[in-house]
Each structure stands twice: as structure tokens, then as C-alpha cells.
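Undergrad: To start, I am sharing the structure in question, which I have written as C-alpha cells.
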Amino acid sequence: MQVDPKTYRVTENSKVGIIGLIIGIVGLALSGIGYMTDSAQFFHSYLVAFFFWLTIALGGLFFTLLHDLVQAKWSIVIRRIAESIMTVLPLMALFAIPVFLGIHELYHWSHADVVAHDEILQKKAGYLNVTFFIIRAVVYFAIWIIFALLLYKKSLQMDKTKDSSILVKLRRISAPGMILFALTSTFAAFDWLMSLDPHWYSTIFGVYVFSGSFLAVLSFIILVVLYQRHNEVMRQTVTVEHCHDLAKLTFGFVIFWAYMGFSQYFLMWYANIPEETVWYLHRWQGDWKDISLVIIFGHFAIPFVVLITRAAKRSFPVLLVISVWLLFVHWVDLYWLVLPNLYNHEVHLSWIDLTTMVGIGGVFVWYFWRRYTSQPLVPIGDPGLQKSIDFVNI
Amino acid sequence: MPDNSRNIYGVLAEFDGPASLLKAARQMREAGFTKYDCHSPFAIHGMDKAMGLKRSPLGYFIGTVGLTALVGMTYFIYWTSAVDYPLVISGKPYFSYQAFVPVIFAITILFSAITATLGMFILNRLPQLFHPLFNSPQFKKVTDSGFFVSVEASDPKFNKVETVSFLQTIGATEVELIGDEQ
């Protein structure tokens, strides 16, 4: 991989995209076989994998919305990474189709005969029904895609025109975007993950999923930066200072995630109402208890201790390991949200878990990489670019 | 050059702006001065590096106290609710650590914050009601428009004549000797 240091355009691309595409297609093909052998397992694995990559794409959208809204300076040099991540959202809309096809395998509120014998589901039927579920999903994706593409288009326009008044437009777009993002991501988490157990409810659930989502995208961005540095690309542009700031945000969101996770658990534990605690009971029985402990320690305690010092936040090897680890535990977290729906007591890891992950992931990475390398790797039209390059932590 | 002193506290040199102060700070360090300080109306980026200041040890104090508070409070709450005066509350075990997390968390934060505040005062040797630099009427400008370098006489490199001329060569617009009495 080589980049022209003046225009920040890629002159010689690496094989990341092609390798991603090949792995993705192989993974999806194998997942197709998985569908034929065990469709229930396939749809649950697929939902985890789909949501894993969707949360990264949404994290990219949130990062860009936040950046444009506050007109952050330090993050200008990594903005293009976040922007390219969010442009994968149209692709993720395509990947949502199998979830709709598997709606009867995944969500038992979608069966009319189940609802007929279930008083609670009858009361919820106005919201939890197949038609409205799909309409909502279309609305969420429409909102995300419109904002993602609008912000991306304006940003590219600024590359060409160097017109700094576009910054104001970006801010005007991202302010309502932020509000809509909060609502849509919350309800998307309710619809696709929480309604797997339709009797159970938690108002903080959307924020919990969002916090994991932002953590995942930060890890993803750090990995992209580290990959660039590994290839000796833009080492003077995206420096250790930017990695330090990304690591600070990661550290903060490790705590935020734990705060949300604990807040959700705490109230239910205290109130001790069976209809609420049953969700945690399923996740504290048999093998699931081990997975819960992995999440508590792996998603909070270990990254918290590792990232607490300044030296760790500025160490590339530490950041590499912790980013890969955080992406892994983010997957475990989603697995823990979805799979108890299928296996009540024992954890059955399946090969389909892996193939769906690398299947969607490979295509995701290919699409992201193609978008990212087709434009200047930093927003060259942004008047704050030099300030961002020169940025140092006090 | 005014010399209003019997015992000399040090030398105060004025510079004309943040950029020249930054440059002067670097030259002072390179010249080997150790007991000097820079004074400006606002924080100047890069000053720590120019002066070669080490990172404050405050974080380690806060970390130690915070961890002690965490462990201490966990033990304390265990002792009160499970050992000394065990009570069954809403059918939960004596040591229901979940209920104690917010308290332990808050105490950890509280002790850390107090340590940070007090530690900042102690490390900065505050409160300090008088400082010999206040002897200079010029120094009043430091709160709005003055940029100063002060060198203490206790610096091993300090020499009444040479230090003054050195400060003048690195761009000081005005240099004065400061006495250490009120």
C-alpha cells in the first residue's frame, strides 16, 4: 500500500479488499450450506454476525455525526475512516434481508398461533407484528443511509471545493441526525435483539447496544490506523497522538458500557420481578454463566486495567491486542444476547457462527476498503486539517 | 536596571509574547538552568516540553488512594452487612455485592477526587499567600499581558551578572533583580 503524501491518494493499493471479498464469498457460501443443514442455528448465528457488523457501521455513523456536530479538530485525520465505515450501511440493508426471511425462526411473536395463546403478546401485537417490524426496519435503514450518504457526499465535496462553509452544513445535518440516530438505534436494538424474548423489556437496552457499538467502531478505526502504520502510510499524519485520543475514548466507553450493563442488571436484580429477572436467569444457568463471566471480565475489567495508564494508550502493540480483543468480546456480547434464545442451558458453538461472521465481515471489509481507498485518505478540503495533523496531547 | 534588594531571590525577565517565551524556556533548559519558571496569562501549548517538565506524579497518588478506597469500602460494607450486624433485606443474601456497587463506586470516585484536589494543592505548594516575585511591580502584568521567566538565586548555575546578561541575549525586553523580603 502506498499513498501520495501530497494528495493523500492511494497510488498502490493493498490486497485487503480482494482478500476480504474472497473470504466473504466463501464464508457466505458455506453459510448457505449451513442454512440447509440447520436453519434455526443459521438464522441465530446470522443475526449475531449481521448485528456485529451493523453495529460497526452504525458506530461509524455516530462517530461522524459527533465529529461534524462539535466540529472536532483532533479527529479530522481519521474522519475519512469513520465516514467510509458508515457508507457500508446500504450494504448492511441488503444483509438485513435474511433476517426478515428468518423472522419465524427467530421471533416467536411472529407466529399467530403462539400469540393466540399468549395474553401478553396479544397486548403487544400492535407493535410486534411482521408488517410493522419490516416497515420499521425500512425506516431505520432509510434514515441511516440518507444521513450517511449525505454527510459523505458533503465531505467529498469539501475535498474538491475547499469551501469551509460546508462545515456549517455538516453541522446542520448532524444535529437532527443525532436525535434520529438515538431513536432509530434504540428501537432497532429493541426490534431485532430485545424482541427475541418478547415478554422481557428493558428501556436501557438500546443504549447498552449502542455503547458496545461505539466501542467496536473505535477498535475498528484503531486497527485501520495500525494497519496503515504497519504499511508505513501517513505515519506523520496520523500519529501516536491520535491513537492516544482514540484509546482514551475506548477507555471511556469501556466504562460507559459497563455502566449501562450494570444499570440494566442492577434495577432488575433489586426489584426481583420474575418477568424481568428471567432474562438474566437464562444467562446465569449452565454454560451461559461462564459466558456471562467472560463478558464481565473481558468486556470491562481486563480492558479497564490494561488501558488505564498513559503508556498503554500510546503503545501500538497494546492497542493492537486490546482492539482485537474488544472486537472479539463485542461478538461474545451479541452472542450472549441472541443465542440463549435457541439454547437454554448449554452453549453450542457452531461452525455457522464462524462462517456467517467472516462471510458478512469479508464483504464488509471489502466494501469499506474500496470506499476508503477510492478517495483521499484524509479530508484534504477541511480547513482544520493542519491543526489536526499537528495535534499533540498535553 | 532597578535593584531593590538586600537578599536576592532571583531574576525576573520579561518577554514580548508567547512565542518568544516558549523559545526562551527552551534556551534556559539547554543552558542548564534547573530552578527557573515561566509565567504567562494563559497556558501555552508545548511549554511542558520546552521546559523539560516531567509528568506530574499526581495520577499515581490518585490511583493508589482510589484502589485503597475501593478495597477498604468493599471490606467495610461486607463487615457491616454480613459480619457485625447481619440483616436479611428483601430476601437477598447478607453480602449482596450488587447493591453495594454504587456505594463502592461513589466512595472510590469521592476519595480519588479529594486526593486529586488536595494533591494538586500540595504539589503546587498552595496556598501560598506571598511570593517574592510580587515584589516586582512589573509582575502584576502576568495576569493579562506579561510573559515572564524567573530564575531563582538558589539555582547552581545562577550568577547575578551572567544570568542577567544571558536573559538579555535570549530576547528579554526587561530584566530585574528581585529581593526576597516584603
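The values are calculated or read from the model by the stated rules, or taken from the named source; none is laboratory data. All values derive from a computational prediction rather than experimental measurement. In this analysis, Cβ positions are derived from the backbone assuming ideal geometry, glycine residues included, and neighbour counts consider all displayed protein chains.
Undergrad: Out of A:L215, A:L307, I need the residue that is aliphatic (A, V, I, L, M), more than 14 Å from chain B (Cβ to nearest Cβ) and touching a residue at least 60 places away in the same chain (Cβ under 8 Å). Which one?
TA: A:L215
Undergrad: Considering A:I394, A:I352, which residue is over 23 Å from A:G59 (Cα atoms) and within 14 Å of chain B (Cβ to nearest Cβ)?
TA: A:I394
Undergrad: Just the residues that are of a type in the set (F, W, Y) and over 14 Å from B:G32 (Cα atoms), please, taken from the range B:123-170.
TA: Within the range B:123-170, B:F130, B:F134, B:F139, B:F147, B:F148 qualify.
Undergrad: Among the residues of the range B:9-22 satisfying the criterion of being more than 14 Å from chain A (Cβ to nearest Cβ) and of a type in the set (A, V, I, L, M), which is surrounded by the fewest Cβ atoms within 10 Å (Cβ to Cβ)?
TA: To start, the set of residues in the range B:9-22 that are more than 14 Å from chain A (Cβ to nearest Cβ) comprises B:9-21.
Then drop every residue that is not of a type in the set (A, V, I, L, M), which leaves B:11-13, B:19, B:21.
Numbers: B:V11: 25, B:L12: 25, B:A13: 25, B:A19: 11, B:L21: 25.
This residue is B:A19.
Undergrad: Return yes or no: is A:F251 away from every other protein chain (no Cβ under 14 Å) and of a type in the set (F, W, Y)? Please lay out each step first, then the result.
TA: Numbers: away from every other protein chain (no Cβ under 14 Å): no; of a type in the set (F, W, Y): yes.
No; evaluated as a whole, the condition is false for this residue.
Undergrad: Let me ask you something else. Are there any pairs with C-beta distances below 9 angstrom linking a residue in the range B:23-52 that is under 12 Å from B:A13 (Cβ atoms) and within 14 Å of chain A (Cβ to nearest Cβ) to a residue that is assigned to a helix (DSSP H, G or I) and modelled with pLDDT under 90, with the two at least 6 apart or on different chains, and if so which?
TA: none
Undergrad: Scan the range B:32-56 for residues that are assigned to a loop (DSSP other than H, G, I, E, B) and aliphatic (A, V, I, L, M) and jot them down.
TA: B:A43, B:I44, B:L53 - these are the residues of the range B:32-56 that are assigned to a loop (DSSP other than H, G, I, E, B) and aliphatic (A, V, I, L, M).
Undergrad: Also, quick follow-up: Where in the range A:293-378 are there helices (runs of 4 or more DSSP H), lying fully within it, with 3 or more residues that are hydrophobic (A, V, I, L, M, F, W, C) and surrounded by fewer than 18 Cβ atoms within 10 Å (Cβ to Cβ)? Full working, then the answer.
TA: Values: elements: A:302-307, A:310-313, A:316-338, A:351-374.
Those helices (runs of 4 or more DSSP H) span A:302-307, A:316-338.
Undergrad: For the range A:227-246, how many residues meet the condition of being surrounded by fewer than 18 Cβ atoms within 10 Å (Cβ to Cβ), within 26 Å of A:F52 (Cα to Cα) and in contact (Cβ under 8 Å) with a residue 60 or more places away in the chain?
TA: 3
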